[in-house]
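Just below is one structure, and these are the notes that go with it.
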Amino acid sequence: MTISPRTMEDKSNKLILIPILAVVFLMIGYQYICSAGSNSCRFLTGDKLSGMFRQYHSGDDIYAYQDGLDEEGSSKILSKFNFTDRDLERHVDFNIKGDDVIVFLHIQKTGGTTFGRHLVRNIHLEQPCDCMPGQKKCTCHRPGKAESWLFSRFSTGWSCGLHADWTELTNCVPAVMNKKSKKDAQRNGRNFYYITMLRDPVSRYLSEWKHVQRGATWKTALHMCDGRSPTQDELPACYSGDDWTGVTLTNFMDCPSNLANNRQVRMLADLSLVGCYNVSTFTAGAERERGRVLLASAKNNLRNMAFYGLTEFQRKTQYLFERTFGLRFIQAFTQINSTRAASVGVGEGALRRRIEGLNALDVELYEYAKELFLRRYQYSRQTQHREQRLRRRQERQEERQRLHQHTASISKARREEEERAIEGVEGEEVGGVATTEDYSSQVVRW
């Protein structure tokens with residue numbers, strides 16, 4: 001049989017056309033499945049990965065790019081620290097009618113004023129705080145008791161000193177609260193739940209500089225440690241006169257005794273571990289060791305606090321507080337990013353590096369705090385989802401039980417009705433037979 005050249009050419013064209021059509025089909029399918037903005041594809045281009053990384057570090061919200069992803073996955077948060085479930089689980093049985101007290105450690109320029117107002121004005125309570133117009137302090141009494149459940153600037157005032165730190169509060173609050181409750185004996189059953197707010201160190205530092213530049217001072221702060229305040233030699237002033245109005249950022253950074261440097265670590269650490277403010281005898285190596293001890297103490301105290309929030313994550317801060325204490329805010333928190341610190345352009349150059357260097361301990365603490373905070377949020381959401389699934393399952397089981405009981409009661413009623421009907425029919429039949437028999441006997445007798 002002779003095959004013409006044209007027939008062979010047609011077959012070869014068909015063979016070539018098949019793989020071309022297959023490639024086109026695969027390309028169309030890929031475009032459909034991996035459309036723009038979709039998370040369906042496992043592999044991402046370098047541009048997409050870098051874009052996600054930029055969003056993560058933008059400071060807005062770690063979950064900003066994960067709204068379409070599974071919130072249950074723990075791998076979505078970049079992990080550097082090993083936290084246990086005990087570190088992540090945060091729920092306290094806060095007894096507002098008993099003796100429990102929330103103690104707010106207010107660190108300067110961390111959004112503490114806003115959060116403090118939320119505590120006294122924005123919580124749904126059986127007995128709300130009594131806030132009089134024109135007065136900063138509110139009366140936050142327990143239901144039925146003339147005793148405060150909140151120790152903060154806006155409830156009890158600066159009872160332990162202006163912006164008292166962890167060292168001051170833990171040594172002062174119990175005695176102050178016992179005095180306010182007019183109890184001479186120490187209340188061993190009272191629980192003190194410490195809370196605080198943290199902020200990105202560079203933003204917080206710039207905000208404090210702008211605040212001081214406008215004339216603010218905290219020179220009346222006590223800085224009590226081991227029973228005394230620091231001497232002038234231990235804590236020299238950065239300025240002469242009443243305040244530091246108009247100070248430039250350079251002069252602000254040049255003061256070695258400026259308490260703005262690593263303020264968050266200092267205010268969260270146990271200062272008695274390093275001799276309080278006495279650093280005159282420290283060498284360069286010993287100073288590094290002192291910083292290491294302070295940082296470790298601050299991390300430990302922060303981790304063991306009942307709650308802390310981050311200024312950069314207002315909604316998550318609200319959520320975690322509500323989950324921790326079982327209290328509910330009336331209005332949602334608002335994220336405000338247009339601050340005075342944000343208006344200072346430090347860029348990514350030498351100025352930022354110097355500020356980060358002056359606050360190296362705070363930078364490390366905030367990195368630690370941010371990951372722990374976000375992991376706690378994720379852990380709490382997972383727990384809440386499990387609770388909701390369990391509650392829905394129980395509700396379905398209860399509904400099935402009710403339906404079964406209802407069906408059983410209906411069936412029982414029907415059986416009883418049928419039995420009564422049968423008994424009635426049988427009774428009628430028995431009556432008829434008796435009458436017939438009596439009539440027959442009468443006939444026989446006749």
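The values are calculated or read from the model by the stated rules, or taken from the named source; none is laboratory data. Fair warning: this is a prediction, and the values are worked out from it, not measured in the lab. Here the Cβ is made from the backbone with ideal geometry for all residues, glycine too, and neighbour counts use every protein chain on show. Only protein heavy atoms, including side chains, enter the accessible area calculation; ligands, DNA and RNA are left aside. Shrake-Rupley method; radii C 1.70, N 1.55, O 1.52, S 1.80 Å.
The requirement of being over 25 Å from Asp130 (Cβ atoms), basic (Lys, Arg), part of a helix (DSSP H, G or I) and open to solvent by less than 20 Å² (accessible area, probe 1.4 Å) is fulfilled somewhere in region 198-216, by at least one residue.
The residues of region 94-143 that are open to solvent by 70 Å² or more (accessible area, probe 1.4 Å), charged (D, E, K, R) and touching a residue at least 40 places away in the same chain (Cβ under 8 Å) amount to a single one, Lys97.
The set of residues from region 336-390 being open to solvent by 70 Å² or more (accessible area, probe 1.4 Å) and in a loop (DSSP other than H, G, I, E, B) comprises Ile336, Asn337, Ser338, Arg340, Ser343, Gly345, Glu348. Please work out if Cys276 is touching a residue at least 12 places away in the same chain (Cβ under 8 Å), in contact with a Pro (Cβ under 7 Å, 6 or more places away or on another chain) and surrounded by 15 or more Cβ atoms within 10 Å (Cβ to Cβ). Against the criterion (touching a residue at least 12 places away in the same chain (Cβ under 8 Å), in contact with a Pro (Cβ under 7 Å, 6 or more places away or on another chain) and surrounded by 15 or more Cβ atoms within 10 Å (Cβ to Cβ)), Cys276 qualifies.
Candidates Arg263, Arg292, Arg303: the one that is open to solvent by less than 50 Å² (accessible area, probe 1.4 Å), of a type in the set (Lys, Arg) and either in contact (Cβ under 8 Å) with a residue 40 or more places away in the chain or farther than 15 Å from Asn359 by Cβ (or both) is Arg263. Listed conditions (1) open to solvent by less than 50 Å² (accessible area, probe 1.4 Å); (2) farther than 30 Å from Thr84 by Cα; (3) in a helix (DSSP H, G or I) are all met by Tyr319, apart from (2). Restricting attention to region 232-281, the residues being aliphatic (A, V, I, L, M), touching an Asp or Glu at 6+ places or on another chain (Cβ under 6 Å) and not in a loop (DSSP other than H, G, I, E, B) number 2. Just so you know, in region 220-250 the residues that are charged (D, E, K, R) and closer than 25 Å to Lys210 by Cβ include one that is surrounded by the fewest Cβ atoms within 10 Å (Cβ to Cβ), and it is Asp242. Within region 145-160, identify whether any single residue is modelled with pLDDT of 95 or more, in a strand (DSSP E or B) and either within 20 Å of Gly111 (Cα to Cα) or open to solvent by 40 Å² or more (accessible area, probe 1.4 Å) (or both), and answer yes or no. Looking through region 145-160, at least one residue is modelled with pLDDT of 95 or more, in a strand (DSSP E or B) and either within 20 Å of Gly111 (Cα to Cα) or open to solvent by 40 Å² or more (accessible area, probe 1.4 Å) (or both).
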